[in-house]
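Shown next, in C-alpha coordinates, is the structure this report addresses.
The values are calculated or read from the model by the stated rules, or taken from the named source; none is laboratory data. Since we're looking at a predicted model, the values are computed, not measured. Counting neighbours? That spans all protein chains shown, and the Cβs are built from the backbone with ideal geometry, glycine included. Areas reflect the complete protein model, heavy atoms only, side chains present, ligands, DNA and RNA absent. Shrake-Rupley method; radii C 1.70, N 1.55, O 1.52, S 1.80 Å.
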Amino acid sequence: MLNYDVERAVVGPLVPAGTALDLWQDRALVSVVGFKFLSTRVLGVAVPFHRDFEEVNLRFYVRRDGPGADARRGVVFVRELVPRAAIAGLARLAYNEPYRAVPMRSVVPATPVEAPGRLTYEWRTGAAWQRLAATAAGAPAVPEPGSEADFITEHHWGYTRQRDGSTVEYEVTHPVWRVWSAADPVLAADVVELCGRAFAPALTRPPVSALIAEGSPVAVYPPRRLA
(Lines give C-alpha, C1' and ligand atoms only; values in the text may rest on other atoms or scores of the structure.)
Protein backbone atom coordinates (compact mmCIF):
# COMPACT_ATOMS: atom_id res chain seq x y z
CA MET A 1 0.00 0.00 0.00
CA LEU A 2 1.70 3.19 -1.25
CA ASN A 3 -0.01 6.33 0.03
CA TYR A 4 0.10 9.82 -1.47
CA ASP A 5 -1.17 13.28 -0.60
CA VAL A 6 -3.60 14.54 -3.23
CA GLU A 7 -5.30 17.87 -3.76
CA ARG A 8 -8.92 17.79 -2.62
CA ALA A 9 -9.89 19.33 -5.95
CA VAL A 10 -8.72 16.14 -7.68
CA VAL A 11 -10.82 13.65 -5.71
CA GLY A 12 -13.67 15.94 -4.67
CA PRO A 13 -15.59 15.59 -7.95
CA LEU A 14 -15.35 11.78 -7.64
CA VAL A 15 -16.98 11.56 -4.19
CA PRO A 16 -20.22 9.54 -4.49
CA ALA A 17 -23.50 11.17 -3.44
CA GLY A 18 -24.25 10.63 0.25
CA THR A 19 -20.60 10.45 1.29
CA ALA A 20 -17.84 12.94 2.11
CA LEU A 21 -14.06 12.86 1.91
CA ASP A 22 -12.50 11.08 4.88
CA LEU A 23 -9.35 13.04 5.71
CA TRP A 24 -6.22 11.96 7.54
CA GLN A 25 -5.03 14.87 9.71
CA ASP A 26 -6.86 17.25 7.37
CA ARG A 27 -5.16 15.74 4.30
CA ALA A 28 -6.75 13.84 1.44
CA LEU A 29 -4.92 10.60 0.65
CA VAL A 30 -4.95 8.20 -2.26
CA SER A 31 -3.41 4.72 -2.12
CA VAL A 32 -2.04 2.42 -4.79
CA VAL A 33 -2.63 -1.12 -3.51
CA GLY A 34 -1.48 -4.48 -4.83
CA PHE A 35 -2.78 -7.76 -3.44
CA LYS A 36 -3.73 -11.32 -4.34
CA PHE A 37 -7.11 -12.99 -4.22
CA LEU A 38 -6.68 -16.60 -3.08
CA SER A 39 -9.35 -19.35 -3.02
CA THR A 40 -11.97 -16.88 -4.22
CA ARG A 41 -15.64 -17.89 -4.22
CA VAL A 42 -18.66 -16.10 -5.66
CA LEU A 43 -21.88 -16.84 -3.74
CA GLY A 44 -20.00 -19.75 -2.18
CA VAL A 45 -19.01 -21.26 -5.53
CA ALA A 46 -15.42 -21.56 -6.72
CA VAL A 47 -15.13 -20.64 -10.41
CA PRO A 48 -12.47 -22.70 -12.23
CA PHE A 49 -9.38 -20.70 -13.28
CA HIS A 50 -10.70 -17.63 -11.43
CA ARG A 51 -9.81 -18.45 -7.83
CA ASP A 52 -6.28 -17.02 -7.50
CA PHE A 53 -5.35 -13.76 -9.19
CA GLU A 54 -3.73 -10.36 -8.67
CA GLU A 55 -5.34 -6.95 -8.34
CA VAL A 56 -3.79 -3.48 -8.34
CA ASN A 57 -6.03 -0.53 -7.56
CA LEU A 58 -6.04 3.19 -6.93
CA ARG A 59 -8.43 4.31 -4.20
CA PHE A 60 -9.31 7.22 -1.95
CA TYR A 61 -11.22 7.45 1.33
CA VAL A 62 -14.73 8.58 2.19
CA ARG A 63 -17.18 8.36 5.06
CA ARG A 64 -20.93 8.26 5.41
CA ASP A 65 -22.34 9.80 8.56
CA GLY A 66 -25.74 8.76 9.86
CA PRO A 67 -27.86 10.01 12.78
CA GLY A 68 -27.34 7.97 15.94
CA ALA A 69 -24.71 5.73 14.37
CA ASP A 70 -20.99 5.65 13.91
CA ALA A 71 -19.69 6.87 10.59
CA ARG A 72 -19.20 4.22 7.94
CA ARG A 73 -15.67 4.65 6.66
CA GLY A 74 -15.14 3.45 3.14
CA VAL A 75 -13.14 3.56 -0.06
CA VAL A 76 -13.85 4.69 -3.59
CA PHE A 77 -11.92 3.06 -6.41
CA VAL A 78 -10.58 5.16 -9.25
CA ARG A 79 -9.09 2.21 -11.14
CA GLU A 80 -8.93 -1.55 -10.51
CA LEU A 81 -6.75 -3.87 -12.58
CA VAL A 82 -7.21 -7.65 -12.74
CA PRO A 83 -5.90 -10.27 -15.17
CA ARG A 84 -9.23 -11.85 -16.17
CA ALA A 85 -11.85 -10.27 -18.42
CA ALA A 86 -14.66 -12.27 -16.75
CA ILE A 87 -13.74 -10.86 -13.31
CA ALA A 88 -13.65 -7.31 -14.62
CA GLY A 89 -16.98 -7.76 -16.42
CA LEU A 90 -18.73 -9.23 -13.36
CA ALA A 91 -17.48 -6.42 -11.10
CA ARG A 92 -18.60 -3.75 -13.56
CA LEU A 93 -22.01 -5.41 -13.92
CA ALA A 94 -22.67 -6.01 -10.20
CA TYR A 95 -21.06 -2.91 -8.67
CA ASN A 96 -20.24 -0.56 -11.58
CA GLU A 97 -16.66 -0.60 -10.31
CA PRO A 98 -13.95 0.74 -12.67
CA TYR A 99 -12.30 -2.60 -13.44
CA ARG A 100 -10.00 -3.21 -16.36
CA ALA A 101 -8.49 -6.53 -17.49
CA VAL A 102 -4.77 -6.48 -18.34
CA PRO A 103 -1.96 -9.05 -18.26
CA MET A 104 -0.57 -9.25 -14.70
CA ARG A 105 2.09 -11.07 -12.73
CA SER A 106 3.49 -10.91 -9.22
CA VAL A 107 6.33 -12.04 -7.00
CA VAL A 108 4.96 -12.50 -3.49
CA PRO A 109 6.41 -14.79 -0.78
CA ALA A 110 4.27 -17.85 -0.08
CA THR A 111 4.43 -17.21 3.67
CA PRO A 112 4.58 -13.41 4.06
CA VAL A 113 4.04 -13.49 7.83
CA GLU A 114 7.27 -15.46 8.31
CA ALA A 115 9.37 -14.07 5.49
CA PRO A 116 7.93 -10.95 3.90
CA GLY A 117 10.85 -10.06 1.64
CA ARG A 118 10.22 -8.04 -1.52
CA LEU A 119 6.70 -7.88 -2.95
CA THR A 120 6.19 -6.95 -6.60
CA TYR A 121 3.01 -6.59 -8.67
CA GLU A 122 3.26 -5.91 -12.40
CA TRP A 123 0.78 -5.24 -15.18
CA ARG A 124 1.14 -4.59 -18.89
CA THR A 125 -0.52 -2.03 -21.08
CA GLY A 126 0.65 -2.07 -24.66
CA ALA A 127 4.19 -3.39 -24.84
CA ALA A 128 5.37 -2.04 -21.47
CA TRP A 129 5.24 -3.71 -18.06
CA GLN A 130 4.49 -1.40 -15.13
CA ARG A 131 5.31 -2.10 -11.50
CA LEU A 132 4.35 -1.61 -7.85
CA ALA A 133 6.84 -2.92 -5.29
CA ALA A 134 8.09 -2.59 -1.71
CA THR A 135 10.09 -4.52 0.89
CA ALA A 136 8.79 -5.27 4.37
CA ALA A 137 10.88 -3.72 7.15
CA GLY A 138 10.96 -4.67 10.80
CA ALA A 139 8.41 -6.85 12.58
CA PRO A 140 4.66 -6.85 11.85
CA ALA A 141 2.35 -5.24 14.38
CA VAL A 142 -1.31 -4.37 14.80
CA PRO A 143 -1.65 -0.66 13.96
CA GLU A 144 -2.14 1.70 16.87
CA PRO A 145 -5.71 3.06 16.99
CA GLY A 146 -5.78 6.47 15.34
CA SER A 147 -2.51 5.90 13.48
CA GLU A 148 -2.12 6.40 9.75
CA ALA A 149 -1.78 2.63 9.23
CA ASP A 150 -5.04 2.14 11.14
CA PHE A 151 -6.71 4.78 8.93
CA ILE A 152 -5.50 3.13 5.72
CA THR A 153 -6.44 -0.46 6.59
CA GLU A 154 -9.65 -0.01 8.58
CA HIS A 155 -12.12 1.21 5.97
CA HIS A 156 -14.76 -1.52 5.79
CA TRP A 157 -17.19 -0.14 3.23
CA GLY A 158 -17.11 0.42 -0.51
CA TYR A 159 -18.98 3.24 -2.26
CA THR A 160 -19.54 3.45 -5.99
CA ARG A 161 -21.22 6.12 -8.09
CA GLN A 162 -23.75 4.63 -10.50
CA ARG A 163 -24.49 5.70 -14.04
CA ASP A 164 -27.60 7.59 -12.92
CA GLY A 165 -25.65 9.52 -10.26
CA SER A 166 -26.87 7.44 -7.31
CA THR A 167 -24.57 5.52 -4.96
CA VAL A 168 -24.30 1.88 -3.98
CA GLU A 169 -22.76 0.78 -0.69
CA TYR A 170 -21.31 -2.61 0.17
CA GLU A 171 -19.63 -3.97 3.26
CA VAL A 172 -16.18 -5.59 3.35
CA THR A 173 -15.31 -7.52 6.51
CA HIS A 174 -11.97 -8.86 7.69
CA PRO A 175 -10.05 -9.12 10.97
CA VAL A 176 -7.54 -6.46 11.93
CA TRP A 177 -4.39 -6.91 9.86
CA ARG A 178 -0.87 -6.74 11.19
CA VAL A 179 1.32 -4.48 9.06
CA TRP A 180 4.97 -3.92 8.31
CA SER A 181 6.60 -0.67 7.37
CA ALA A 182 7.63 -0.79 3.71
CA ALA A 183 11.10 0.13 2.51
CA ASP A 184 12.17 1.06 -1.03
CA PRO A 185 8.64 1.63 -2.38
CA VAL A 186 8.38 1.86 -6.18
CA LEU A 187 5.54 2.89 -8.46
CA ALA A 188 6.78 2.72 -12.04
CA ALA A 189 3.62 3.34 -14.04
CA ASP A 190 2.06 5.40 -16.78
CA VAL A 191 -0.11 7.32 -14.32
CA VAL A 192 -1.93 9.35 -16.95
CA GLU A 193 -2.90 6.25 -18.92
CA LEU A 194 -3.83 4.36 -15.74
CA CYS A 195 -6.03 6.88 -13.95
CA GLY A 196 -6.01 10.23 -15.71
CA ARG A 197 -3.90 13.37 -15.90
CA ALA A 198 -5.35 14.87 -12.70
CA PHE A 199 -3.60 12.23 -10.57
CA ALA A 200 -0.16 12.66 -12.15
CA PRO A 201 1.11 15.41 -9.78
CA ALA A 202 0.39 13.24 -6.72
CA LEU A 203 1.48 9.85 -8.03
CA THR A 204 4.71 10.97 -9.67
CA ARG A 205 6.04 12.21 -6.31
CA PRO A 206 7.43 9.83 -3.67
CA PRO A 207 4.71 8.35 -1.44
CA VAL A 208 4.18 9.98 1.95
CA SER A 209 4.04 6.50 3.50
CA ALA A 210 4.09 2.84 2.55
CA LEU A 211 3.10 -0.33 4.34
CA ILE A 212 2.55 -4.04 3.77
CA ALA A 213 -0.43 -5.83 5.33
CA GLU A 214 -0.52 -9.56 5.99
CA GLY A 215 -4.06 -10.04 4.66
CA SER A 216 -6.69 -12.54 5.83
CA PRO A 217 -9.99 -14.10 4.81
CA VAL A 218 -12.24 -11.33 3.48
CA ALA A 219 -15.98 -11.24 2.79
CA VAL A 220 -17.52 -8.79 0.32
CA TYR A 221 -21.29 -8.41 0.66
CA PRO A 222 -23.85 -7.60 -2.06
CA PRO A 223 -24.35 -3.90 -2.87
CA ARG A 224 -27.36 -1.85 -1.85
CA ARG A 225 -28.44 1.47 -3.26
CA LEU A 226 -28.45 4.45 -0.91
CA ALA A 227 -31.74 6.26 -0.57
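Some observations on this one:
- Within the stretch 1-28, being of a type outside the set (D, E, K, R), open to solvent by 20 Å² or more (accessible area, probe 1.4 Å) and in a helix (DSSP H, G or I) holds for Ala9, Val10, Gly12, Pro13, Leu14.
- Residue ID - nearest to Ile212 (Cα to Cα), chosen from residues in the stretch 148-161 that are part of a loop (DSSP other than H, G, I, E, B) and open to solvent by 30 Å² or more (accessible area, probe 1.4 Å): Glu154
- Qualifying residue in the stretch 170-177 (condition: β-branched (Val, Ile, Thr), closer than 30 Å to Leu93 by Cα and without any contact (Cβ under 8 Å) to a residue 40 or more places away in the chain): yes
- Of all the numbered requirements in (1) touching a Phe, Trp or Tyr at 6+ places or on another chain (Cβ under 7 Å); (2) surrounded by fewer than 18 Cβ atoms within 10 Å (Cβ to Cβ); (3) of a type outside the set (Asp, Glu), Val76 misses one, and that requirement is (2).
- Under the condition of being surrounded by 15 or more Cβ atoms within 10 Å (Cβ to Cβ) and part of a strand (DSSP E or B), the residues counted in the stretch 196-219 number 5.
- Index of the failed condition, Asp184 passing every other in (1) outside any strand (DSSP E or B); (2) open to solvent by 80 Å² or more (accessible area, probe 1.4 Å); (3) touching a Ser or Thr at 6+ places or on another chain (Cβ under 7 Å): (1)
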